[in-house]
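A quick write-up on the structure given underneath.
The values are calculated or read from the model by the stated rules, or taken from the named source; none is laboratory data. Keep in mind it's a predicted model, so treat the numbers as computed, not measured. Neighbour counts run over all protein chains shown; Cβ positions are idealised from the backbone, glycine included.
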Amino acid sequence: MLRKNEIHPKGFQNQEEQTKAIRSRTVPFELIGLSHQNLKKASSGLKKVQKDPKTTQPQADLSDALIQAPFVHLHNHSQFSVLQATSRINQLVEAAAADHLPALALTDHGTSNKLGGRDRQT
């Protein structure tokens, strides 16, 4: 609205050069050359592909490979994640071993090596 000279804010009273520069612009922002894509058309094309029965049924060899693939929990909190969990690390390891998991990831929050640093080293 400043560019169109429809408002006159008090903050621009002593800044005539900036006000003139803003008013001289024909486009309120600088164009960077992006081209428009018709997302609706692209979406309808994807829907047609999804309706094709060849693409919606899983391949038997892929399903077998997934069944044989080992599973690993990648997001676990221990008692060192304050207000997130109460599980002790040794309990998590025992549960993973009981389920025959090959690995276990700990994603504790806010510990910054202050809580349990000594317990983790042993």
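Before moving on, here are some points about what is shown:
- Pairs meeting the criteria (first residue in the stretch 56-73 and within 16 Å of Ala103 (Cβ to Cβ) and modelled with pLDDT of 65 or more, second residue loosely packed, with under 10 Cβ neighbours inside 10 Å and not small (Gly, Ala, Ser), beta carbons under 8 Å, at least 6 apart or on different chains) are Pro70/Pro102; Val72/Pro102.
- In the stretch 74-91, the residue that is nearest to Ala103 (Cα to Cα) out of those that are out of contact with any His (no Cβ under 9 Å at 6 or more places or on another chain), in contact (Cβ under 8 Å) with a residue 12 or more places away in the chain and of a type in the set (S, T, N, Q) is Asn76.
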